[in-house]
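Take a look at the structure below.
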Amino acid sequence: MIRGKQVSRTKVLLVGSGAREHALADALIAGGAELYAYMQLINPGIKRIAKRFAIGKADDTVAAVKFAKDNSAEIAVIGPEAPLAAGIVDELEKAGVKCVGPARKHAQLETSKSFARELVKKYGIEGSPEFAVFTKGNIGGARVFIERLNSGSGCVIKPDGLTGGKGVKVYGEHLHSDEEAFEYCNELLEVHDAVVIEEKLEGEEFSLQTLTDGNGGFLYFPAVQDHKRAFNGDTGPNTGGVGSYSDANLLLPFLTVADIEAAKKITEKVAAAIRKELGEAYKGVMYGGFMKTARGIKLLEYNARFGDPEAMNVLPLLKTNFVEICKALVEGTLAKLNAEFEKKATVCKYVVPEGYPDNPVTGRIDVPTVEKDFIKALAYYAAVEEKDDGIYTTKSRGVAFVGISDTMAAAEKIAEEAASMVKGNVYHRKDIGTLQLVQKRVEHMRQLMTAEGGRLRPLYAPKAGPMRIAALMSGTGSNLRKILELQRQREDLFRVVMIFTDTADENACNARRIAEEHKIPYYCYDIKRYYLEKGKSDRKDMRVREEYDAETATLLKMHEIDVVALCGYMSIITKPVIGQFLTINVHPADLRIKDESGRRKYAGCIGADCVKMARTNGETEIRSTTHIVTDEVDAGQVLMVSLPVKLPPNNNCDGDDLPHRYQEKLKEEGDWLVYPETIKALAEGRFAVDEKNVIFLDGRPTPEWSEMSR
Ligand code: AMP
Ligand code: GLY
């Protein structure tokens with residue numbers, strides 16, 4: 001399946017001996033590598049294609065490094081997590097072998113769940129469930145935390161260390177009372193330093209495997225869904241994963257492009273956060289375990305390696321030479337490489353020993369092959385032993401078969417046919433990749449979204465007539481003009497029914513002119529004069545401001561206003577207005593960007609200063625944001641974010657007028673599109689709010705979901 005031009009034979013060390021490594025070995029050989037395999041067990045598939053192999057413990061870094069040196073390996077690809085946790089990358093790199101895999105300290109992303117969760121929290125990255133970390137020292141607090149979570153959606157208890165995903169217990173599935181959950185924490189603390197307790201999420205899981213070079217380059221593999229439960233119909237104990245599928249459009253049937261984008265964004269932010277936190281960039285695989293929930297994409301965990309079985313779905317789809325990908329990764333040039341995948345569906349089914357995972361029985365198996373049985377599936381050996389009289393299973397997964405075809409149904413058939421030809425004391429899940437099971441997942445997601453939808457209250461509920469808008473302005477009113485342009489096409493949907501200004505300076509303010517042109521009632525209530533009449537020479541006294549706004553509010557009520565739209569309004573707006581009227585604004589910066597303490601970086605910043613600041617902060621693009629107005633400046637919930645305006649690279653020959661030029665450009669390409677679009681969506685009743693004041697657009701939470709599309 002793997003194409004790519006042959007390169008001079010690069011000597012590659014491959015560490016690991018499972019089916020994932022067998023798939024990696026195939027991809028490396030197809031890319032023209034000379035393969036040196038360091039394995040814990042002899043994988044018959046890898047053995048056949050490797051130039052040489054050595055047997056040793058997965059975490060014996062000394063033996064692995066010696067084997068690499070003896071064979072002058074140039075690059076090493078690390079399959080499993082155990083050698084990463086043992087620091088194999090650190091040792092190999094010391095010996096001059098560049099690695100596709102993270103250093104030990106970076107591998108903490110997988111090996112320590114508390115590290116990963118704390119990192120995501122510290123850097124304000126979205127997608128984390130509520131969680132807390134407990135040790136023997138503070139375990140008392142866990143009881144209250146468990147009770148609180150269990151009175152909601154439930155809790156999940158995770159040991160803070162490597163357990164092959166098997167130490168995780170979920171309330172309602174493995175744990176049935178607060179007491180049982182608390183007891184399990186204590187049990188875990190006998191062997192682990194800490195436990196992570198987190199909010200139980202509900203949704204559909206998917207794996208997004210990514211390669212990153214530590215230099216801003218990311219290569220995303222197609223999304224895959226794994227199956228953890230041992231038996232058909234998602235029953236039975238949890239396993240390392242007994243099968244998986246991916247779809248021909250490189251999405252999953254329950255995912256949208258926006259879902260994948262959200263997961264990618266999380267991965268990129270986590271990579272940036274690790275670099276800041278540890279002083280050095282992460283390189284290798286970042287395999288995110290995500291869950292699509294009714295409240296957006298959530299992060300379950302990261303692994304520092306490819307998934308098993310997920311690697312077997314995606315590696316055979318690569319059209320780009322995998323050795324070149326590995327080279328680009330170690331050289332930090334991944335961004336230049338435009339990796340391509342075959343647009344095919346894949347289904348992987350694992351054949352495992354009878355009794356797996358709890359009481360597996362081992363024995364000889366007959367594995368079908370292309371040559372003698374004409375199977376169409378790819379076959380990857382996992383934990384088997386090759387003896388003189390054939391292949392024997394061990395206590396873990398045996399052989400994986402991957403069907404690849406234009407449709408999932410066809411891919412499933414190919415995998416199923418091969419899996420059912422294995423003779424011996426084994427079983428496999430017949431339902432993975434079947435239309436029936438895939439539809440069950442889609443239906444599950446639909447139900448969750450509908451239930452969530454039922455909990456939401458519309459931000460503005462459409463009624464018989466158009467939504468009534470009051471425009472408050474102090475300047476040129478260019479945003480208002482754009483809103484009025486859209487109104488001309490959609491008078492049924494919304495109407496600006498009054499224009500209000502706080503300044504009598506008609507040289508600076510176009511309010512009267514716009515009102516007259518459009519025959520809209522116009523009010524001018526000069527705020528400077530208002531303060532003077534109250535005997536105040538400056539405009540700091542907030543009580544006066546509130547009195548002024550109370551009078552404004554009376555006017556708004558008179559006009560039966562639904563929404564107050566600020567269109568370049570220079571006064572701070574207070575409770576009497578914002579407490580009674582949904583008030584919105586557009587801000588010439590991306591308000592989603594936060595600093596490390598979670599505050600919006602571009603709040604309070606105006607005009608060209610936003611552009612200046614964005615350049616100082618090293619942003620490569622700018623956007624404008626529509627948001628709800630609250631009593632804290634620019635802190636209200638984000639409604640929509642405009643498409644980006646790319647900034648030119650930072651250099652000295654920009655000229656001083658760059659911020660102004662880009663401010664204008666952002667107005668035209670940002671504000672003028674996103675503000676009318678927001679008003680239209682609002683009038684259509686597409687914005688909603690939940691009990692925690694999270695804003696949803698079309699059933700998806702903002703801000704990370706609401707990027708406007710043209
Ligand atoms: P992990 O090793 O963190 O991926 O957890 C193993 C499995 O436990 C995941 O694949 C999920 O099925 C489940 N799980 C983990 N975290 C959560 C959570 N917060 N809510 C619901 N299920 C979870
Ligand atoms: N398929 C789950 C894992 O590789 O962790």
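The values are calculated or read from the model by the stated rules, or taken from the named source; none is laboratory data. These figures come from a predicted structure and were not determined experimentally. All Cβ positions, glycine included, derive from the backbone under ideal geometry; neighbour counts span all protein chains shown.
When region 371-380 is filtered for residues that are part of a loop (DSSP other than H, G, I, E, B) and not charged (D, E, K, R), the ones remaining, listed by number, are Phe374, Ile375, Ala377. Being of a type outside the set (Gly, Ala, Ser), modelled with pLDDT of 95 or more and more than 35 Å from the chain's Cα centre (by Cα) holds for only one residue in Val361, Val351, Val399, and it is Val361. Annotation: of all residues in region 221-260 being under 19 Å from the mean Cα position of the chain (by Cα) and without any contact (Cβ under 8 Å) to a residue 24 or more places away in the chain, the one that is surrounded by the most Cβ atoms within 10 Å (Cβ to Cβ) is Thr256. Looking at Ala85, Ala58, Ala76, Ala64, just one residue is surrounded by fewer than 22 Cβ atoms within 10 Å (Cβ to Cβ) and not charged (D, E, K, R), and that residue is Ala85. Taking region 89-100 as the range and being surrounded by fewer than 23 Cβ atoms within 10 Å (Cβ to Cβ) and part of a helix (DSSP H, G or I) as the test, the residues that pass are Asp90, Glu91, Glu93, Lys94. Search region 172-198 for residues being crowded, with 17+ Cβ neighbours inside 10 Å and among the acidic types (Asp, Glu), and hand back the single one that is nearest to ligand 1 (Cβ to nearest atom). Across region 172-198, the extreme among qualifying residues is Glu198. Among strands (runs of 3 or more DSSP E) entirely within region 130-235, having at least 2 residues that are within 16 Å of ligand 2 (Cβ to nearest atom), within 27 Å of Glu81 (Cβ to Cβ) and not polar (S, T, N, Q) singles out 155-159, 203-212, 229-231.
Within this structure, Lys169 passes the test of being surrounded by 17 or more Cβ atoms within 10 Å (Cβ to Cβ) and within 30 Å of Glu691 (Cα to Cα). Which one of these does Asp366 not meet: (1) touching a residue at least 40 places away in the same chain (Cβ under 8 Å); (2) of a type outside the set (Ser, Thr, Tyr); (3) more than 16 Å from Tyr427 (Cβ to Cβ)? Every listed condition holds for Asp366 apart from (3). Inspect all residues belonging to region 92-105 and state whether any of them is under 27 Å from Leu201 (Cβ atoms) and more than 16 Å from ligand 2 (Cβ to nearest atom). Checked against the condition, which is being under 27 Å from Leu201 (Cβ atoms) and more than 16 Å from ligand 2 (Cβ to nearest atom), region 92-105 yields no hits at all.
Remark: pairs (first residue in region 662-679, on the phi < 0 side of the Ramachandran plot; second residue in a helix (DSSP H, G or I) and hydroxyl-bearing (Ser, Thr, Tyr); Cβ separation under 7 Å; 6+ apart in sequence or on different chains) = Lys667/Ser478.
Of the candidates Ile375, Ile432, Ile391, the single residue that is closer than 23 Å to Gln209 by Cβ, aliphatic (A, V, I, L, M) and crowded, with 18+ Cβ neighbours inside 10 Å is Ile432. With respect to the conditions (1) buried (at least 22 other Cβ atoms within 10 Å of the Cβ); (2) within 16 Å of ligand 2 (Cβ to nearest atom), Val270 lacks only one, and its number is (2). In region 198-218, the residues that are in contact (Cβ under 8 Å) with a residue 24 or more places away in the chain and over 18 Å from His106 (Cα atoms) form no Cβ pair under 7 Å with any partner that is among the polar types (S, T, N, Q) and near ligand 1 (Cβ under 7 Å from one of its atoms), whether six or more places apart or across chains.
Every residue, every condition in (1) away from ligand 2 (no atom under 16 Å from the Cβ); (2) more than 25 Å from Gly241 (Cβ to Cβ), yes or no:
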position: Ala30; (1), (2): yes, no
position: Ala37; (1), (2): yes, no
position: Ile42; (1), (2): yes, no
position: Lys66; (1), (2): yes, yes
position: Asn71; (1), (2): yes, yes
position: Gly79; (1), (2): no, no
position: Ala82; (1), (2): no, no
position: Ala85; (1), (2): no, no
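Among the residues of region 272-281, the ones that are assigned to a loop (DSSP other than H, G, I, E, B) and either under 18 Å from the mean Cα position of the chain (by Cα) or within 30 Å of Ala382 (Cβ to Cβ) (or both) come to 0 in all. For first residues located in region 301-328 and of a type in the set (D, E, K, R), partners that are away from ligand 2 (no atom under 16 Å from the Cβ) and in a strand (DSSP E or B) and lie 6+ apart or on another chain with Cβ distances below 8 Å form the pairs Lys319/Phe341; Lys327/Ile75.
Tell me, which residue of region 101-159 that is more than 20 Å from Gly289 (Cα to Cα) and of a type in the set (A, V, I, L, M, F, W, C) is surrounded by the most Cβ atoms within 10 Å (Cβ to Cβ)? Across region 101-159, the extreme among qualifying residues is Ile146. Here Glu310 meets each of (1) under 22 Å from the mean Cα position of the chain (by Cα); (2) acidic (Asp, Glu); (3) more than 16 Å from ligand 1 (Cβ to nearest atom) with one exception, condition (3).
For the condition of a type in the set (Gly, Ala, Ser) and away from ligand 1 (no atom under 16 Å from the Cβ), Ala294 does not qualify. Which of the following residues is touching a Lys or Arg at 6+ places or on another chain (Cβ under 8 Å) and in a helix (DSSP H, G or I): Glu416, Glu412? Exactly one of Glu416, Glu412 is touching a Lys or Arg at 6+ places or on another chain (Cβ under 8 Å) and in a helix (DSSP H, G or I), namely Glu416.
Yes/no matrix, rows are residues, columns are (1) under 19 Å from the mean Cα position of the chain (by Cα); (2) hydrophobic (A, V, I, L, M, F, W, C); (3) within 9 Å of ligand 1 (Cβ to nearest atom); (4) under 28 Å from Gly214 (Cα atoms):
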site: Lys98; (1), (2), (3), (4): no, no, no, yes
site: Gly101; (1), (2), (3), (4): no, no, no, yes
site: Lys105; (1), (2), (3), (4): no, no, no, yes
site: Leu109; (1), (2), (3), (4): yes, yes, no, yes
site: Arg117; (1), (2), (3), (4): yes, no, no, yes
site: Gly127; (1), (2), (3), (4): yes, no, no, yes
site: Lys136; (1), (2), (3), (4): no, no, no, no
site: Gly140; (1), (2), (3), (4): no, no, no, no
site: Glu147; (1), (2), (3), (4): no, no, no, no
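Counting only strands (runs of 3 or more DSSP E) that fall entirely inside region 625-692 and contain at least 2 residues that are surrounded by fewer than 18 Cβ atoms within 10 Å (Cβ to Cβ), in contact with a helix residue (DSSP H, G or I) (Cβ under 6 Å, 6 or more places away or on another chain) and among the polar types (S, T, N, Q), no element qualifies.
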